[in-house]
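Structure record follows, encoded as structure tokens.
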């Protein structure tokens, strides 16, 4: 059910948008419209407390997608989750009519990059894929330049070239006359991704070191239990298909 409300008093990028009270059960929450790897629990908890205290919050944004007319969550995943945590059954929302699923997907990807928590590298990679899949890389019957694509996606041009070569090789070949050359290969390392992997490896190394120097079985068990609880949180937020067994008997 959707009930009209007075226009939102909170400034927004679309000040003429009309807000509605929408039943949460009527809003589709699909990963296809979410470029982030999952919810950030501290943000959800912070929003939950703000809602409990009566603080005015920006309305969420939903798309009414033609031709079926279903309401799809576009922007406001953390606010929606916070409402659900406090037992809310409805939410204030801006409803925008869109002509296609592709238009709704790009609207979601664009909104997530422009505000809220900053996107991680994987989020930008998914944003880039949606950008190309929805045809936003094309203009006047041809392709936009890598510089223009980079400015619209929000990543350096060389990163965009590498992603295009890896994710959309056919498009990359069609754009081979661009001034950027040569195209990077899969073996070449992206500096940002390399930094992210180095950070993850460092974190795992610290955990291993903590276990190796811990005095007594009780202390090692406490560290291992804390690590297990953290891993369970990660699996809930961003589950993987399977875990590859390690040859290290300590883990």
message: Can you say whether residue 73 is outside any helix (DSSP H, G or I), assigned by TED's automatic domain parsing to the domain that holds residue 19 and either touching a helix residue (DSSP H, G or I) at 6+ places or on another chain (Cβ under 7 Å) or without any contact (Cβ under 8 Å) to a residue 40 or more places away in the chain (or both), as far as the supplied structure shows?
response: yes
field: Subset of segment 22-48 (residues that are free of Cβ contacts under 8 Å to residues at least 60 places away in the same chain and surrounded by 12 or more Cβ atoms within 10 Å (Cβ to Cβ))
entry: 26, 28, 29, 30, 44, 45, 46, 47, 48
statement: Within segment 49-68, residues being in contact with a strand residue (DSSP E or B) (Cβ under 9 Å, 6 or more places away or on another chain), more than 24 Å from residue 119 (Cα to Cα) and either assigned to a strand (DSSP E or B) or without any contact (Cβ under 8 Å) to a residue 24 or more places away in the chain (or both) number 2
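The values are calculated or read from the model by the stated rules, or taken from the named source; none is laboratory data. As the structure is a computational prediction, the values presented were derived from the model and not from experiment. Methodologically, a virtual Cβ is constructed for each residue, glycine included, from the backbone with ideal geometry; neighbour enumeration extends over all protein chains shown.
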